[in-house]
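Worksheet for the structure shown next.
Here, each number is a calculation from the coordinates, and none is a lab measurement. The model shown is predicted, which means the values in this text are computed figures rather than measured ones. Every residue, glycine among them, receives a Cβ derived from its backbone with ideal geometry; neighbour counts consider all protein chains shown.
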Amino acid sequence: MKTILDKVSSFSKQLSMYRDTVDGKKPKEKFDKLIELFSEIKGDVELDHQKETVAVEHYQSLVNLLPEIIFEVDQTGNLMFLNLFGVEKLGLSQSELKNGKINISKVIHPDDLQDARNVIFGNLSGKRITGKEYRLISGSGTIIFTQIFNTPIVNNNKVVGLRGIAVDITERRMIEMRLKESVKKYQGIFNNSPIGIGYYSKDGILEECNSKFANMLGNSPEELKGFNIFRDMQDKSLLETLKKALIDGASSFEGVYKAVITGREAPARVMAQGMRNDKGEIYGGIVLAEDISERVKAENTLKASEEKFRSLVKNMGEGVGITDEKDCFLFANSAAENIFGVESGGLVNKSLKEFISIEDYNRMALETQKRKKGQKSNYELAIIGYDGHAKDLLITVTPNNDELGNYINSFGIFRDITTRKQIERELKDAHETLLLNNRELKIAKEKAEESDKLKLAFLTTMSHELRTPLNSIIGLSALIDNTMTQQEIEDFAYQINKSGNSLLDIIEDIFHVIQLEAGNSQPCIEEFELIEVLSEIHNNALEITQNYNKESLEIYPIYPLESERMLITTDKIMLKKLFMNLLNNAIKFSEEGEVQFGVRITHQQNMIFFVEDSGVGIPADKKHLLFERFRQIDQRLKRKYGGIGLGLYYSKKIIELLGGKIWYESTVGKGTTFYFSINHI
């Protein structure tokens, strides 16, 4: 469509073209005047056009600055104009907008589209429809709630489109939706509350209540609406509570109330609160009422149960108590008080520490720590009561915790097991006595068996040891006759004498042992020269070597060289017998080498007697047999050298009788040294 400026310019050009085709001066002057006139008109039109352009630019700048969506649509619903805010809000393209390719169907929610079209067509037909709410959809898919105000675009008295503004009401609609949801939730809480709720005016008119409140009054919420509390409420205590809330701002009541309609009486808890306006003035009240019949019933049942429990605990035969984390009594029944020897009520606030030892308290403290971790305790404890009586207790304790599992205190049962422990101790003593008796019986049995063995060994040994010299005596005696030479008779006599002496030695050894065991041998104390006695013993030892055919075995007496005389006071005969018994064994069990005997003086000036050989030695596993009767450590040597196994036994007895002791050192294959000491002066 050409503008007026375009038409004037075009006509001026055409006049110039016609002037050039006209002949004559006057016609050309007329055309020049017309051209001049149209030039002036063109200048005026150009000036008006510039002013109009500036006005349009100002309008567009103002529209683009508005923080609302400004639009124009034609009669088909295509967008003819959209301000910059609208373009950015809806996420549209400027190029599509200029080409008129964007229809309202692209930006209006499908559910609202038909209504929007009806508005366009209605306005085109002359109806005035505005202020409608529509949901717009941005290019990113975001829903924008808007309220649209529009006016028709008229051209040549004909409506060709709509021009309008879309106000973003998304925030308002979201608030309305949340408010609606909140009201819905509130209404749900109000209607389904287990507590009766009601609102009443300052005049006492019940404006609204839920079903629970209505049921407590004996009617329905609908029928109670408009109920005059101050006039028709029958329960005076409840009525005073509701009135007081309107005066003081708050009030409460707990007790038996009477229903308005039915007259039923039941326990209830009622709390009323005055409602205030912005000025702080009370304009009404809210009341919360709870029927506590079940709670009261449960409390009465619990109270009865507690009384029953208390009576049971009080009359229990076993002690019952509750202690805190420091093991102090919070409660104790009569039996517990009797156990701890205190008067009635005397255990409360007393610590178990007062009745037990420090060691037992430390052990009990460990049990307390276990209970704080949720573990039960079961242990025994010895106490001394306030009455001074010692008692043994068996304690079973269970922790009491709160709902979160935190330790509160402990519930304990105290059983007096003093009698039981005494019986246990007596049984233990009896058992130990029985075990001791059994051991003694076993030892006696073993001794009896050993005695039998010893008797058998003694008879066996004696049978051999007695038969040998007797056979020699009897046999050689029978062979002596007048036909024998004098030398033969002397040899036989020597052998008979030797066998007789051997037999006499055996009988004497047995006699001496019997005397010692019977306690009939007493030492004969006398003073004598020790070195002389050692010399005699040396001579006797040399004779023993001859009897055993061991003349090559060297025998040495040992005593301090500086001592020419050594006086000693003891039993001389027993001392000689001791040395001879030990030397006899030393010579018997030594095939070669030497045997030493004598005395040594210690730093304390004590005499230590000894006999040292170079014989076979004593095995470690035979040491226990060394000083027993009728025992020999090597049966092969017994068969070779004879003997009845009384030498060391007899020697030990003599030493003990003389107040001394005997010991030895031995190496198998190298020899043995026997040491002994005796009391001497």
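Based on Cα positions only, what radius of gyration and what Dmax would you give for the range 184-339, in angstroms?
Rg then Dmax for the range 184-339, in Å: 22.8, 70.
Could you list which residues have their amide H under 5 Å from that of Gly593, counting only those 5 or more apart in sequence or on another chain, with H placed in the peptide plane?
Hits under the 5 Å cutoff: Glu554.
Taking 7 Å along the Cα-to-C-beta vector as the label spot, tell me the Gln369-Asn156 distance in nanometres, rounded to one decimal.
Label at Gln369, label at Asn156, 10.6 nm between them.
Once every Cα of the range 345-409 carries one equal point scatterer and solvent is ignored, give the base-10 log of I(q)/I(0) from the Debye formula at q = 0.16, 0.24 Å⁻¹, two decimals.
-0.61, -1.12
Each residue of the range 399-406 in order: what ³J(HN,Hα) in whole Hz does its phi give by Karplus 6.51 cos²θ - 1.76 cosθ + 1.60, θ = phi - 60°, with x for Gly and Pro?
These are the phi-based 3J(HN,Hα) values: x, 9, 10, 7, 5, 8, x, 7 Hz.
Non-local amide H neighbours of Asn401 (under 5 Å, H modeled in plane, Pro and chain starts lacking H): which ones?
It is Ile408, by chain and number.
Can you work out the FRET efficiency for the pair Tyr494 and Gln604, with r the C-beta to C-beta distance and R0 = 41 Å, to the nearest 0.05?
Calculated value: 0.25.
Using only the C-alpha atoms of the range 170-214, find the volume of their convex hull and express it per residue in Å³. Please report the intermediate quantities before stating the final value.
Details: hull volume 3.4 nm³, N = 45.
Measuring per residue, one finds 76 Å³ for the Cα hull of the range 170-214.
With r as the distance between the Cβ atoms of Gln522 and Ile423 and R0 = 56 Å, compute the FRET efficiency 1/(1 + (r/R0)^6) and round to 0.05.
Plugging the Cβ-Cβ distance into 1/(1 + (r/R0)^6) gives 0.60.
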